[in-house]
Amino acid sequence: MAIRETGTGHEALGLDEDDLRRMHYHMLLARRVDERSWILNRQGKAAFVISCQGQEGAQVGAAYNLRPGDDYLYPYYRDSGMTMLLGQTPRDQFLSLLGKKEDPNSGGRQMPGHYGSRELNIVTSSAPVGVQYPQAAGTALAFKLRSEDGIVLVCGGEASTSGGDWHEAMNFAGIHNLPVIFFVENNVYAISVPTKFQVAGSIARRAEGYGFPGHEVDGNDVLAVYEVTKEAFGRARAGEGPTLIEAKTYRMTAHSSDDDDRRYREREEIEEWRKKDPIVRFEKYLMENGILDESERDEISERIKAEVAEASEYAENAPFADPEDVLARVYAEA
Amino acid sequence: MATKNLLQAIHEGLAEEMRSDESVMVLGEDVGRAGGVFRVTQDLQEEFGAARVMDTPLAESLIVGSAIGLSVNGMRPVAEIQFADFIPPAFDQIVNEAAKFYYRSNGDWSCPITIRAPYGVVPGGALYHSQSIEAWFCNTPGLKVVAPTFPADAKAMIKSAIRDPNPVLFLEHKRTYRLIKEDVPDDDHDVSLGEARVHREGTDITVVAYGLMLYTALEVAEKLSEEHGVETEVVEPRTLYPLDKETILNSAKKTGKVLVISEANLTGSVSGEIAAIVAREAFEWLDGPVMRLGAPDVPAAAFAKPMMDHFLPSAEKIEAAMLELARY
């Protein structure tokens with residue numbers, strides 16, 4: 001199976017320059033919010049950080065196809081590039097990071113990265129890996145039962161394909177031809193365990209056994225990811241059923257702020273992948289195509305820097321929920 | 001009003017909810033054309049179609065997980081786990097997912113699913129078609145666990161469970177499916193989740209029981225009244241989690257003597273929780289030790305009948321315990 005890369009320019013994908021600027025902005029925003037999160041951790045202000053770094057291209061490329069509030073997203077804990085594209089803000093990110101009352105995901109109950117928004121159809125997520133897949137299949141089934149054209153995008157890392165839930169959901173989606181897209185961000189590591197001890201054969205090729213298409217795509221090429229995901233959305237929208245996409249990417253940070261990746265991977269490997277940084281690559285494309293120049297790039301960077309600083313400061317000064325709030329909202333009222 | 005057994009009552013409750021609300025659907029193994037291995041969903045597929053009465057692959061995590069996903073997209077799914085013994089693969093989806101959706105999203109997402117699961121000892125059921133698994137789930141805030149025993153209650157409570165905005169585990173004792181018939185109201189007869197029921201008034205002792213043990217306790221209560229003049233108050237929790245403490249405590253305070261009976265393993269059981277509540281909150285009213293009867297701490301009932309019978313609290317053991325408490 002050939003790894004898909006951008007074969008065509010953005011025009012052929014139906015993207016105009018504003019789309020590209022928006023994609024670029026969101027990739028860079030996700031990166032800068034993440035970097036700021038690590039600083040807050042080092043300052044002792046943030047107890048835990050889980051990163052998107054290296055996966056922004058895959059995330060923005062895939063989620064750019066979603067219609068917020070219509071389609072459903074089941075993100076996994078690294079998908080800040082997706083949730084902010086859908087409408088969550090840097091303030092939301094930092095409020096969640098610091099466990100503040102206004103954290104829109106959970107009101108300070110969950111760790112950072114456990115996204116959820118009823119308004120944006122981002123289904124509340126948790127820490128056990130892979131549980132989202134059967135749920136996503138069920139959500140897609142509801143669309144199909146009502147003959148609606150909604151689509152479900154469900155995401156996870158490569159290790160999320162090892163457990164039964166992923167396979168049960170793939171099987172069910174195949175049986176009922178459900179409008180769901182399985183988006184696997186293969187970032188090479190599950191904490192310390194590399195792909196070679198996690199994945200037998202190919203993730204993408206497993207789709208064939210379940211009766212629907214699977215694609216490998218260069219996950220650090222935002223346009224390639226957009227293209228293959230767009231095709232999958234088109235298939236689902238046309239009633240042609242599910243698609244599996246394996247985005248080959250790389251986790252550029254340690255698993256989390258509690259992990260020291262020097263114990264299990266070489267610095268040289270990370271440096272090699274830095275050359276394939278999705279943001280650097282996309283900026284090169286934008287500059288070569290005359291969509292972005294150095295000064296514009298600096299201007300955007302400054303704007304994001306200010307936005308991130310403001311959001312971080314806001315969250316740092318925001319109040320915690322009342323301690324008694326830990327007792328509230330266990331059961332929904334009829 | 002028609003006379004129905006438990007199985008027919010649950011069937012009727014499901015059918016009525018499906019008729020009145022298009023979002024209600026049933027999914028599970030063999031629930032479709034076969035109508036379920038116990039026939040609870042008999043003929044539902046004929047009436048509502050294969051999409052709303054859906055046969056699923058044999059994958060419990062998928063059954064509950066997809067029900068969760070359906071529920072967050074406008075549906076009211078009723079997932080069937082064929083035997084409660086087979087629920088462990090769905091444990092993560094029930095305990096870590098469904099039960100925590102509302103809390104972990106700070107009230108943003110709710111998860112209105114019902115999970116039906118037949119439980120309890122049945123002749124020939126052996127280890128994996130017999131277990132009482134309620135204690136596994138009665139330690140899970142965010143989840144409701146109900147176990148009605150009488151047909152009219154079961155019909156009303158399956159409807160309440162479906163309409164409830166929270167995930168509800170609905171346990172049906174297999175051996176009571178066809179054990180008795182009673183009048184079951186044709187339309188809505190409201191039994192809210194979380195309300196216990198006093199089946200028999202009494203002044204001497206209180207028995208708290210559910211499932212098959214409730215029937216036995218009621219029979220023994222009549223016998224003790226006739227033969228010994230002992231008047232037993234029999235309370236059925238109906239909802240095992242969260243418990244209706246008030247009704248149980250009122251009875252405990254009235255009689256001063258409480259025996260809790262179920263066929264679950266005693267250690268770590270719902271009976272233990274009930275006993276602890278009574279021991280603490282009705283202490284001043286008690287005239288005897290809070291007693292419990294249950295299955296011994298062995299894995300489950302056996303296939304061979306003599307061993308199965310020995311596993312269950314029998315009518316004789318129940319009678320002896322009730323008399324012991326009455327005479328205390």
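The numbers here are math on the coordinates, done by the rules we state, and not lab data. Remember, predicted model here, so these are calculated numbers, not experimental data. Note that we place each Cβ from the backbone using ideal geometry, even for glycine, and neighbour counts take in every protein chain shown.
Worth pointing out:
- Residues within the reach of a label modelled at B:A51 (point 7 angstrom out along Cα to beta-carbon, backbone nitrogen below 20 Å), restricted to region A:137-169, are A:137-153.
- Label-to-label distance, B:E201 versus A:K45, with points set 7 angstrom from Cα along the beta-carbon direction: 6.7 nm.
- Comparing mean-square fluctuations of A:L145, A:L95, A:L86 from a GNM of chain A with C-alpha springs under 10 Å, the top value falls on A:L145.
- Residue with peak Gaussian network fluctuation, chain B [Cα springs, cutoff 10 Å], from B:P165, B:P148, B:P112: B:P165
- Once the Cα gyration tensor of region B:131-285 is diagonalised, semi-axes √(5λ) in Å: 24, 19, 14
- Shape of region A:16-316, Cα gyration tensor, a/c cut at 1.5: rounded
- Simple rule: put +1 on each Lys or Arg Cβ and -1 on each Asp or Glu Cβ in region A:1-147, find the dipole, and look at A:N105, A:Y64, A:M23; the Cα lying farthest toward the positive end is A:N105.
- Efficiency of FRET from Cβ geometry, B:D188 and A:R265, R₀ 60 Å, rounded to 0.05: 0.45
- Helix B:245-255 and the long axis of chain B differ in direction by around 20°, with both axes built from C-alpha atoms.
- Using alpha-carbon coordinates, inclination of helix B:270-281 to the longest axis of chain B, degrees: 50 degrees
- Shown here is the pair-distance distribution of region A:1-153: with all Cα-Cα distances grouped in 10 Å bins from zero up to the longest one, the shares run 11, 37, 34, 16, 3, 0 percent.
- By the compact-protein rule of thumb, 2.2 N^0.38 Å, the alpha-carbon radius of gyration of the protein assembly as shown corresponds to a ratio of 1.09.
- Legend: mean number of C-beta atoms from other chains within 10 angstrom of residue C-beta atoms, peptide B:53-59, equals 3.
- Check: region B:2-184 dipole with +1 on Lys, Arg Cβ and -1 on Asp, Glu Cβ, in debye: 280 debye
- Selection from B:L44, A:M84, A:T253 lying farthest towards where the dipole of the protein assembly as shown points positive, charges on Cβ: A:T253
- Look at the Cα gyration tensor of region A:89-175: its axes a ≥ b ≥ c give a/c of at least 1.5 with a/b at or below b/c, and that counts as oblate.
- Cα centroids of region A:121-171 and region B:185-234: 45 Å apart.
- Estimated at 0.36 nm per residue, the fully extended path between B:R280 and B:N250 surpasses their Cα-Cα distance by 9.5 nm.
- Mean per-residue shielding of peptide A:122-135 is 6, counting Cβ atoms of other chains within 10 Å of each Cβ.
- Counting beta carbons within 10 Å around each of A:E313, B:E324 and listing the fewest first gives the order A:E313, B:E324.
- Note on chain B: GNM, Cα springs under 10 Å; of B:G229, B:G211, B:G13, the largest mean-square fluctuation is that of B:G229.
- The sum of -39500 (n - 2.57) across all DSSP H runs of n ≥ 4, divided by the residue count of chain A, sets its helix-only mean residue ellipticity at 222 nm to -13500 deg cm²/dmol.
- Low-density loop cleavage sites - GluC sites (Glu not before Pro) in region B:211-286, where at most 16 other Cβ are within 10 Å (DSSP): B:E231
- Relative contact order (percent, whole number), region B:197-327, Cα cutoff 8 Å, 6+ residue spacing: 27 percent
- If R0 is taken as 56 Å, the Cβ-Cβ distance between B:A34 and A:R22 corresponds to a FRET efficiency of 0.60.
- For region B:2-184, the equivalent ellipsoid derived from the alpha-carbon gyration tensor has semi-axes of 23, 19, 16 Å in decreasing order.
- C-alpha center-to-center spacing [region B:104-172, region B:33-81] in angstrom: 15 Å
- Simple point charges give the picture: +1 on the Cβ of Lys and Arg, -1 on the Cβ of Asp and Glu, and for region A:79-213 a dipole about the Cα centre of about 140 debye.
- For B:R197, A:R205, A:R91, order by how many other beta-carbon atoms lie within 10 Å, fewest first: A:R205, B:R197, A:R91
- The order of A:S37, A:S147, going from fewest to most other C-beta atoms within 10 Å of their C-beta, is A:S147, A:S37.
- Acute angle (nearest 10 degrees) that the helix B:315-327 long axis makes with the longest principal axis of chain B, alpha-carbon atoms: 50 degrees
- Placing a label point 7 Å from the Cα of A:L13 along the Cα-to-Cβ direction, the residues of region A:65-102 whose backbone N falls under 11 Å of that point are A:65.
- Under a model in which nothing but the beta-carbon of Lys, Arg (+1) and Asp, Glu (-1) is charged, region A:11-72 shows a dipole of about 580 debye around its Cα centre.
- Signed unit charges on C-beta, dipole axis of the protein assembly as shown, positive-most listed residue B:L266, B:L249, B:I87: B:L266
- Each peptide in A:240-251, A:121-132, A:56-67 receives the mean, over its residues, of other Cβ atoms within 10 Å, and ordering these scores from highest gives A:56-67, A:240-251, A:121-132.
- Whole-Å distance, taken between Cα centres, linking region B:251-276 and region A:184-254: 53 Å
- Three-way shape call for region B:197-327 based on the alpha-carbon gyration tensor, with the a/c threshold at 1.5: oblate
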